[in-house]
Amino acid sequence: MQLAFESTPPSDSGHAAALADAENYIRALAHGIVEQNPEDKAHQFYSEGAARQYAKEQIQQWVDGEWTATGKDRYYRAETADVGKSKGVLVTMCRNQAEYFGKNVKTGKVERTEESIKSYQKFSLLMRPAQGADEHWIVQQIEVQGEVKECKG
């Protein structure tokens, strides 16, 4: 499985760190799927609350279905924005999963799908600095919208 992040780090160092750790959270989620472990420490390091629960549930669905992931999962058009007066940063990015497939862990059979509007999603991750860490950020909340036309192309 290959994850491709196509983004330019923002000039603001806090925003750049938030974006990097948003990408790390997605990597950690993929790691949990491949390892078939909903309790994987990687996603727990980069998340708390609702975002941690989201990762655990997503991984568990793959495990319950006896699937792992294969192919290329592409993320692009990343943007960052301050969240009110808090120290939080909202990270948004598009996802194209047209070349990302499920693979049965028992048979090895890959479930291929054709590219469609269903291949395009938009991720919104609410980030905050980790307590006691200067450059480490964690995901508090995640929202994933499906069939996002603005992400196509």
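Sparse packing (at most 15 other Cβ atoms within 10 Å of the Cβ) combined with a DSSP loop state is found for the following trypsin sites (Lys or Arg not before Pro) in segment 60-111: Lys85, Lys87, Lys106, Lys109. Between Gln44 and Ile117, the distance separating the two model label sites (each 7 Å from Cα on the Cα→Cβ line) works out to 4.1 nm.
Exposure check, 1.4 Å probe, all protein chains in place: Ser11 carries approximately 130 Å² of accessible surface. Helix-only arithmetic for the chain: the sum of -39500 (n - 2.57) across DSSP H runs with n ≥ 4, divided by the residue total, places the mean residue ellipticity at 222 nm at -9500 deg cm²/dmol. Sequence-ordered 3J(HN,Hα) estimates for segment 96-101 from the Karplus curve with 6.51, -1.76 and 1.60 and θ = phi - 60° stand at 10, 10, 5, 10, 10, 10 Hz, glycine and proline given as x.
Residues His43, His15, ordered by accessible area of protein heavy atoms at a 1.4 angstrom probe radius and largest first, appear as His15, His43. Computed from Cα atoms, the angle from the helix 49-64 axis to the main principal axis of the chain rounds to 10 degrees. How far is helix 13-35 tilted off the main Cα axis of the chain, in degrees rounded to 10, range 0 to 90? Rounded to the nearest ten degrees, it is 20.
Couplings for segment 113-119, taken from phi via the Karplus curve 6.51 cos²θ - 1.76 cosθ + 1.60 with θ = phi - 60°, read 10, 7, 5, 7, 4, 5, 6 Hz in order; Gly and Pro are left as x.
Expressed as a whole percent, the accessible area of the chain that falls on carbon and sulfur atoms is 45 (1.4 Å probe).
Taking label positions 7 Å along the Cα-Cβ direction at both Met1 and Ala81, the computed distance is 3.0 nm, reported to one decimal. For segment 14-53, the relative contact order works out to 37 percent when only alpha carbon pairs closer than 8 Å and six or more residues apart are counted.
Excluding same-chain neighbours fewer than eight residues apart, the lysines reachable from Lys87 by a Cα-Cα span under 30 Å are Lys41, Lys56, Lys122.
The values are calculated or read from the model by the stated rules, or taken from the named source; none is laboratory data. Quick caveat, the model's predicted, so the values are computed rather than measured. Note that we place each Cβ from the backbone using ideal geometry, even for glycine, and neighbour counts take in every protein chain shown. Side chains included, ligands, DNA and RNA excluded: accessible areas come from the protein's heavy atoms. Shrake-Rupley method; radii C 1.70, N 1.55, O 1.52, S 1.80 Å.
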